[in-house]
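Have a look at the structure below before the remarks.
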2 protein chains.
Amino acid sequence: MTKPAAPDPTLLLDNQLCFMIYRLQRSITDRYRPILAEIGLTYPQYLVMLALWESRRLTVSQLGDRLSLDSGTLSPLLKRLETAAFIQRKRSTVDERLVEISLTARGRALRRQALAVPPAIGECFASSADEYWALRHQLSSLLERVETANAADQAG
Amino acid sequence: MTKPAAPDPTLLLDNQLCFMIYRLQRSITDRYRPILAEIGLTYPQYLVMLALWESRRLTVSQLGDRLSLDSGTLSPLLKRLETAAFIQRKRSTVDERLVEISLTARGRALRRQALAVPPAIGECFASSADEYWALRHQLSSLLERVETANAADQAG
DNA sequence: TCAATATAAGTTGTGCACAATCTATTTATG
DNA sequence: CATAAATAGATTGTGCACAACTTATATTGA
């Protein structure tokens, strides 16, 4: 008779909140993928476009701050959005280190189509407004705790 | 005087729960990265090892079911774990389509070191047991809703 | 003024994720 | 039994993420 492989519950996969959030994130991306594909975007590209529809004109590092992404991720992503003619990149004349990202006419026009995305996703996140706000609150405090812990590690 | 760029709140980045979960997932991975690096694992590799510490022996597709990953992701990942001598792969003699993944001595030994991971992550997920279980419940019902919606799309 | 430092963006290399395809094996069916 | 269909796993190609490095420009301060 052999001992059970993992008697200690601390390492059980299903006890890990991180595993739940890992699956949740991929599930959500799965849900967005076919809907965003219809308007020619991936999920990270959609987030960039959301940021630009709010701000029209951002430097690469401002976008990075907004989305918590570095130039190693953004540079090639933005190149693809430029190839798709949704955005323009222009060196700033004031400070030639900066590259300013702005929407093209096609990028601005895409916003009308994107308005159909949230309804198409449906109510799978929350079945009521109350639930939505409760969840939003929980997730935001969880996010803050993790980011604070990370920042503390960075410093200490 | 120009109109605000995004008067419609449905496309505001910060109103998207998905964006919160996207950042949360990356924040959590950031938190695990340095801790797991000390025992020579990435975060997805850690999840695979957790599954194997529970089951000792799994086929590639059983692992895929457990983690919701396909062979396109698992094959190269398992190859890296094999190179690191944490796991072994062996063709099943009963059904030669199957590849059985099992732990090496080194892989089993790694479990003792991994026991230090959850304490090292600390209490950034929940500050109390009650909060932990509440969060776990919320996330699991959210996950189920999204997966159900995805499955419904698949069918319909 | 001009050398040290800092900042912005891009590049390179590694490792997931996932779609699409391929090969080998097994099971189902005529 | 022979062939069609299904299944398991690997491979290829694309697109993030992120670390480490490079180049160009700006800022600083001796």
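Label-point spacing for residue B:15 across the identical copies (point 7 Å from Cα in the Cβ direction), in nm and ascending order: 4.1. Here the range A:1-140 was treated as a single set of alpha-carbon atoms; its pair distances binned every 10 Å from 0 give 10, 30, 29, 17, 8, 4, 1, 0 percent. Counting from the shortest, the label point at residue B:120, 7 Å from Cα toward Cβ, is 4.3 nm from the same position in each remaining copy.
Residue order for A:92, A:61, fewest other beta carbons within 10 angstrom first, comes to A:92, A:61.
For the rotation carrying A onto B, the chain A residue whose Cβ lies nearest the axis, with the distance in whole Å, reads A:25, 2.
Taking every residue in B:116-122 and counting other chain Cβ atoms within 10 Å of its Cβ, the average works out to 3.
Using the Cβ-Cβ distance between residue A:84 and residue B:37 with R0 set to 35 Å, the FRET efficiency works out to roughly 0.45.
Between the helical axis of B:71-83 and the longest alpha-carbon principal axis of chain B there is an angle of about 50 degrees.
Summing charges over neighbours of residue B:42, with a neighbour being any other residue whose Cβ is under 10 Å away from its Cβ, gives +2 when K and R count +1 and D and E count -1. Rounded to the nearest 10 degrees, the angle from helix B:129-155 to the longest Cα principal axis of chain B is 90 degrees.
Across the copies of the chain, residue A:84 has label points (7 Å from Cα along Cα→Cβ) spaced 3.4 nm apart, shortest distance listed first. Once both labels are positioned 7 Å from their Cα atoms along Cα-to-Cβ, the gap between residue A:123 and residue A:71 label points is 4.7 nm. Helix B:105-114 and the longest principal axis of the Cα set of chain B meet at an angle near 40°. Based on the Cβ-Cβ distance of residue B:56 and residue A:148, what FRET efficiency does E = 1/(1 + (r/R0)^6) give at R0 = 45 Å, to the nearest 0.05? Calculated transfer efficiency: 0.75. Based on the convex hull around the alpha carbon atoms, the protein assembly as shown presents an average projected area of 21.1 nm². Counting, for every residue in A:8-15, the Cβ atoms of other protein chains within 10 Å of its Cβ and taking the mean gives 5. Counting only residues at least eight positions apart within a chain, or on another chain, the aspartates and glutamates with an alpha carbon under 20 Å from that of residue B:90 are B:54, B:65, B:70, B:82, B:100. Based on C-alpha pairs under 8 angstrom that are at least 6 apart in sequence, chain B has a relative contact order of 17 percent.
Values quoted throughout were computed directly from the atomic coordinates according to the rules given, and no laboratory measurement underlies them. Quick caveat, the model's predicted, so the values are computed rather than measured. Counting neighbours? That spans all protein chains shown, and the Cβs are built from the backbone with ideal geometry, glycine included.
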